[in-house]
Amino acid sequence: KVDPATLQKLESEFAKFCEVESKSLLKKYLSREVFDKLKTKKTRFGSSLLDVIQSGLKNPDSGVGLYACDPEAYQTFAALFDPVIEDYHRGFKPTDVHPPPNWGDPSKVPSLDPQNKYVISTRVRCARSLENFPFNPTMTKQHYIDIQVKISTALKALDGELKGQYYPLEGMDKTTQQKLIDDHFLFKEGDRFLQDARACEFWPTGRGIFYNDAKTLLSWCNEEDHMRLISMQKGGDLSAVYKRLIDALTKLERQLKFSKHDRLGFLTFCPTNLGTTIRASVHIKLPKLAQDLAKFEEIAGAYNLQVRGTRGEHSESEGGVYDVSNKRRMGLTEFEALMEMGNGIAELIKKEESM
Ligand code: ADP
Ligand code: CIR
């Protein structure tokens, strides 16, 4: 049971949140009824509802506003997570089961922009958690260190085009770090949504980045998730980007055991990343469509696409460049998630050309 001080804090924070305006899914689904049902619950890791919702309470401009403080949170706080998951992943119901992994045939993926007119670069990433480790807010300093050893060791086994090196954030000079961020290779530092979810403890311990010489295969260690694997390159060759991700992941799977849930698929810290965990994106310039951002977002939304700024989530567009990706990651296969982006981008380009 939750201790009286936490319960009191939950009650007062919830009362305040009821007065605040917010478009977040937390606001939409944390009714008094759901709150009362969950406020005294605790997971085996000792996490309470406060640990799940604290980021969204402090940041009313969140899109979502909740995180799974530990792997059990999805079960314990299902009354809140389930409707958020159903809303974000476009109709994935509490009775639905995420399909088994299916990467399809990467050679069947068409090029996004054969004339090289609109697409600047293409990126596909996935997220993985390591089995038997908790998530950020419940991780000790030793967990961060142990995960970094496991992941950097596994990455060392990659060879050929995939061969690269792991660079811990600890000891990296600020200029190098900033250049990697500016070039879209490295995660940013000081994300307030993650900080307020207590996902940045012991920073920079255990955090780091792996990349090959060409910086076309990258991996992030212990940022939002234990591991992110990223394949990216200039231009619109989605097939090549996707194939590289599959090759690297297949090799890593031989050495690392990843957390997978019977119903939810691969487990991640943020409910938006569950299931396939795939975010396939392009950096794209569509000057006519982008003239009216609200309209652009509405059209993209009709193809289940999400629009982000040039530096990713919660950033603005720079020089007319947008990051457009598949929004849902659950209730469909990896191949379908990828093609959702591919097909949607083809439609957006058609629309741009007809304007
Ligand atoms: P994610 O959680 O998917 O990694 P973010 O929105 O945090 O997403 O973005 C991470 C980084 O990846 C940012 O620097 C962003 O600009 C970069 N990025 C995303 N898509 C592309 C792309 N198609 N080409 C180049 N950089 C990209
Ligand atoms: C928010 O609610 O805006 C942040 N907590 C981020 C949510 C989405 N995160 C993601 O797609 N990885």
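General observations
- Residue that is among the charged types (D, E, K, R) and away from ligand 2 (no atom under 16 Å from the Cβ), where the choices are Asp191, Asp237: Asp237
- Index of the failed condition, Leu50 passing every other in (1) within 21 Å of the chain's Cα centre (by Cα); (2) within 16 Å of ligand 2 (Cβ to nearest atom); (3) open to solvent by 20 Å² or more (accessible area, probe 1.4 Å): (1)
- The stretch 44-69 residues that are under 15 Å from Lys28 (Cα atoms), paired with ones that are polar (S, T, N, Q) (beta carbon under 6 Å, 6 or more apart): Gly56/Ser24; Gly56/Ser62; Pro60/Ser22; Ser62/Ser24; Val64/Thr272; Gly65/Ser24
- Test: residue in the stretch 236-245 that is touching a strand residue (DSSP E or B) at 6+ places or on another chain (Cβ under 6 Å), in contact (Cβ under 8 Å) with a residue 24 or more places away in the chain and in a loop (DSSP other than H, G, I, E, B): yes
- Count - residues of the stretch 296-312 that are part of a helix (DSSP H, G or I) and open to solvent by less than 10 Å² (accessible area, probe 1.4 Å): 2
- Applying the criterion of being open to solvent by 100 Å² or more (accessible area, probe 1.4 Å) and in a loop (DSSP other than H, G, I, E, B) to the residues of the stretch 1-44, the residue that is nearest to Phe193 (Cα to Cα) is Lys23.
- Which numbered condition Ser315 fails, given (1) surrounded by 15 or more Cβ atoms within 10 Å (Cβ to Cβ); (2) within 16 Å of ligand 2 (Cβ to nearest atom); (3) polar (S, T, N, Q): (1)
- Tally of residues being in contact with a strand residue (DSSP E or B) (Cβ under 6 Å, 6 or more places away or on another chain) and either charged (D, E, K, R) or more than 16 Å from ligand 2 (Cβ to nearest atom) (or both) across the stretch 217-232: 8
- Test: residue in the stretch 222-243 that is in contact with an Asp or Glu (Cβ under 7 Å, 6 or more places away or on another chain), within 14 Å of ligand 1 (Cβ to nearest atom) and open to solvent by 30 Å² or more (accessible area, probe 1.4 Å): no
- Restricting attention to the stretch 318-339, the residues that are surrounded by fewer than 20 Cβ atoms within 10 Å (Cβ to Cβ), of a type in the set (Val, Ile, Thr) and within 19 Å of the chain's Cα centre (by Cα) add up to 1.
- Inspection of the stretch 131-141 identifies no residue that is away from ligand 2 (no atom under 16 Å from the Cβ), polar (S, T, N, Q), under 30 Å from Asn343 (Cα atoms) and at pLDDT 95 or above.
The values are calculated or read from the model by the stated rules, or taken from the named source; none is laboratory data. The structure displayed is predicted, hence computed values, not measured ones. Using ideal geometry, Cβ is built from the backbone for each residue, glycine included, and neighbour counts are taken over all protein chains shown. Heads up: the accessible areas ignore ligands, DNA and RNA and are worked out on the full protein's heavy atoms, side chains in. Shrake-Rupley method; radii C 1.70, N 1.55, O 1.52, S 1.80 Å.
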